[in-house]
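Trainee: This structure is in structure tokens; I'll ask about it shortly.
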Amino acid sequence: IRFGANYTFHTFTPNNVSAKSGETVFDLGGLKKELAHEAAIYFNDDWDVTNRIKIYAGLRYSYFIQVGPFDRYVQDVIGRTTDTISYGKYKKVADYGGLEPRLSMRFLLDENSSIKTSFTHNLQYVHLATLSPISLPTDIWVPSSDKVKPQIGEQYAAGYFRNFHNNMFETSVEVYYKNMRNQVEFAPSALPSDNVNNNTDNNFIFGNGQSYGAEFFFKKAKGKLNGWLGYTLSWTTRSFAEIDSGSFFYARYDRRHDISAVLVYDLNEHWSFGSIFVYGTGNAITLPDARYLIEGIVVSDYGKRNGYRMPAYHRLDLSVTYTCKKKKLFKRIPYQNAWNLSIYNTYNRRNPYFI
């Protein structure tokens, strides 16, 4: 039986804006920090029910509290600040807690194959929010608050695992489904400037999501030539009442295809050669379908949320490593040196950073 506890003190700085013109510095409210405490206690155990059945079970209780100093800007329906609620140092702004169970089971079919299943229930108190119309990384971390509830997720998974030729080859196929609640997104009209002299979560909307897919894995673990190949086919969607009338749309990091391949060839005890290839479907982004003029001003008419795809990401890396003979420092301490030469993105793939 394993058990323990952990504690984290969080300091968030979702807003960090400054501006000046010449020698004049404009006061934009200064650096706003948000503070929170997070703690948990847990225990887990695994035991062999029979020679073929093994169970792993665990239970975790987590607690999260956001504390002051903190100013809550109260806004009306059109986004004007009508009041400010101030919380003093160490004063509670909001708190949440809950149980997080997890259970997994392994069934041995024979000495070379098995079936594994699992279930987890998780609470996530720290949120990653992204501005969809901007494909530059504009992600910010924000805590749960009096307006933002913890995200809740339940994941189910099952897989078949089989080894061949005295464990020289390892293979597996897994499927999974994850249901998510209290998902966080910026409102469709939100811009980075809206966070100035404001609470970031005033620009949030909330909804639900799901993720599901299958993973395929093949590994050669022995011999001069070894490596592995992994492929994931997956879908990740979100649904918000304020976006596309509540219709499901693909999340920004929905990745239909994900491939990773690693090969290593050990020529002898000194020389080894390696290669890595990765491929991933491009990020989903929101782009305008049309533009028109209103009194000389260009106005963009945006299409469906995340209705476009950036080009796929892929690259090939190559390396060669020379490992020197083992030596001893001061005739006592063994050590070994190795020289490595690597070529990153060998065929000079121009992956777009943003669009």
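The values are calculated or read from the model by the stated rules, or taken from the named source; none is laboratory data. Everything numeric here is computed off the predicted structure, so don't read it as measured data. Cβ sites come from the backbone with ideal geometry, for glycine too, and all protein chains shown count toward neighbours. Just the protein is used for accessible areas: all its heavy atoms, side chains included, with ligands, DNA and RNA removed. Shrake-Rupley method; radii C 1.70, N 1.55, O 1.52, S 1.80 Å.
Trainee: Within region 55-78, work out how many residues are open to solvent by 60 Å² or more (accessible area, probe 1.4 Å), within 21 Å of S144 (Cα to Cα) and modelled with pLDDT under 95.
Mentor: 2
Trainee: Only residues in region 170-197 that are over 30 Å from N112 (Cα atoms) count as the first member; pair them with residues that are modelled with pLDDT of 85 or more and of a type in the set (G, A, S), Cβ under 6 angstrom, at least 6 apart or cross-chain, and list the lot.
Mentor: Filtered contacts from region 170-197: M180/G153; M180/G209; Q183/G207; Q183/G209.
Trainee: Would you please name the residue that is surrounded by the most Cβ atoms within 10 Å (Cβ to Cβ), looking only at residues in region 271-306 that are hydroxyl-bearing (S, T, Y) and not in a strand (DSSP E or B)?
Mentor: T286
Trainee: Condition (residue is in contact with a strand residue (DSSP E or B) (Cβ under 9 Å, 6 or more places away or on another chain), at pLDDT below 90 and surrounded by fewer than 18 Cβ atoms within 10 Å (Cβ to Cβ)) applied to region 224-238: is it met by at least one residue?
Mentor: Checking region 224-238: not a single residue is in contact with a strand residue (DSSP E or B) (Cβ under 9 Å, 6 or more places away or on another chain), at pLDDT below 90 and surrounded by fewer than 18 Cβ atoms within 10 Å (Cβ to Cβ).
Trainee: What number of residues within region 79-100 satisfy the criterion of being open to solvent by 50 Å² or more (accessible area, probe 1.4 Å), over 17 Å from D146 (Cβ atoms) and in a strand (DSSP E or B)?
Mentor: The total comes to 1.
Trainee: With the requirement that a residue be under 15 Å from A284 (Cβ atoms) and open to solvent by less than 80 Å² (accessible area, probe 1.4 Å), what does region 239-270 give you?
Mentor: S239, F240, I243, D244, S247, F249, A251, R252, D254, R256, H257, D258
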